[in-house]
Amino acid sequence: MRVTLFIPCFIDSLYPKVAMSIVQILERLGHEVDYPDGQTCCGQPPFNSGFWDEAREVAARQLAVFHDAEVVVSASGSCGAMFKKFYLELFHGHPQEAAAKELAAKTYEFSEFLVDKLGVQDVGARFDGKVTFHDGCHGLRELGTKEAPRTLLRAVKGLELVEMGEAESCCGFGGMFAVKFPQISTAMAEVKCNSIVETGVEYVVSNDSSCLMQIQGYLSRHSPRVVKSLHLAEVLAQQ
């Protein structure tokens with residue numbers, strides 16, 4: 001299969017290893033990977049802030065860039081939800097509504113694509129360590145992605161998965177939310193990170209690097225011991 005990647009702007013700028021890990025895994029599974037250079041931000045920041053006209057202008061570019069893709073795989077549940085769910089709202093009643101529906105129908109979050117689309121549970125990874133998994137809000141609540149990443153992690157040789165009590169609680173990032181309401185955002189991060197530390201794990205894993213940025217930022221300042229954050233793809237890429 002020819003797989004077209006959508007790599008969110010914050011991953012491109014701050015966490016390029018996540019994108020490279022996804023390419024490595026897909027190629028290991030025998031797929032051809034395409035990365036359109038013309039892709040940009042999905043438009044979620046202005047969309048969440050109520051600037052729908054501006055968001056639509058940004059999103060329209062993605063409709064054009066990914067028009068010919070056979071299947072689109074997102075490295076983020078948050079941005080994947082933008083393609084799959086929120087573009088349908090953004091372009092409702094607009095001339096490009098059909099294009100938005102077409103893109104939504106062929107877009108998958110990374111772990112969802114592996115498990116639900118390809119039927120893959122074991123990618124041949126090995127990772128020695130004790131990890132817990134954080135459910136990003138958009139991936140969990142908008143895309144319904146919960147079991148897929150856990151299925152993949154349980155198949156990794158040497159990995160022990162420990163569930164935290166607050167796995168489904170928001171980390172407090174929420175993009176613009178963390179900027180507008182920093183005190184609330186920090187309080188939410190405290191609840192999440194205390195739950196992570198209580199598990200005794202060495203790593204916290206998620207399929208959303210934006211959440212991990214928030215979590216790692218709090219842990220690095222307040223955790224009594226070192227807990228490292230890794231994107232799911234970074235774990236699955238290791239052998």
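The values are calculated or read from the model by the stated rules, or taken from the named source; none is laboratory data. These numbers come from a predicted model, not from an experiment. Cβ sites come from the backbone with ideal geometry, for glycine too, and all protein chains shown count toward neighbours. Ligands, DNA and RNA are stripped out before the accessible areas are found, and what is left, the full protein with its side chains, is counted by its heavy atoms. Shrake-Rupley method; radii C 1.70, N 1.55, O 1.52, S 1.80 Å.
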Reciprocal of mean inverse Cα separation for the chain (Kirkwood radius, Å): 18.1
Of LYS85/LYS228; LYS130/LYS192; LYS146/LYS180; LYS130/LYS157; LYS17/LYS101; LYS17/LYS180, those spanning more than 20 Å from alpha-carbon to alpha-carbon: LYS85/LYS228; LYS146/LYS180; LYS17/LYS101; LYS17/LYS180
Carbon plus sulfur fraction of accessible area for the chain, probe 1.4 Å, in percent: 52
Neighbourhood charge, 11 Å Cβ-Cβ cut-off, centred on PHE66 and excluding it, Lys, Arg +1 and Asp, Glu -1: -2
Helical contribution to [θ] at 222 nm, DSSP H n ≥ 4, -39,500 (n - 2.57), averaged over the chain, rounded to 500: -12500 deg cm²/dmol
Inter-label distance for ALA105 and GLU70, nm, one decimal - labels placed 7 Å from Cα along Cα-to-Cβ: 1.8
Inter-label distance for VAL226 and THR40, nm, one decimal - labels placed 7 Å from Cα along Cα-to-Cβ: 4.0
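Return the FRET efficiency for the residue pair LEU161, GLU32: r is the Cβ-Cβ distance, R0 is 25 Å, and the value is rounded to the nearest 0.05.
Calculated transfer efficiency: 0.20.
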Around PHE83: net Lys/Arg minus Asp/Glu count, Cβ-Cβ under 10 Å: +2
Where the Cα pairs of the stretch 1-103 fall when distances are cut into 10 Å bins, in %: 15, 48, 29, 7, 0
Förster-model FRET efficiency, 41 Å R0, ARG61 and GLU198, C-beta, rounded to 0.05: 0.40
Counted charge near MET20, where neighbours are those whose Cβ lies closer than 13 Å (Asp, Glu -1; Lys, Arg +1): -1
1.4 Å probe accessible area per residue over the stretch 1-67, in Å²: 50
Dipole of the chain [Lys/Arg +1, Asp/Glu -1 at C-beta], most positive-end residue of GLY136, SER76, GLN239: GLN239
Other-chain or far-sequence residues with amide H under 5 Å of SER74's (modelled H): PHE6, TYR108, GLU109, PHE110
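Counting only C-alpha contacts under 8 Å and six or more residues apart, can you give the relative contact order of the chain as a whole percent?
Relative contact order here is 20 percent.
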Calculated FRET efficiency for the pair ARG126/VAL179, C-beta based, R₀ 41 Å, to 0.05: 0.55
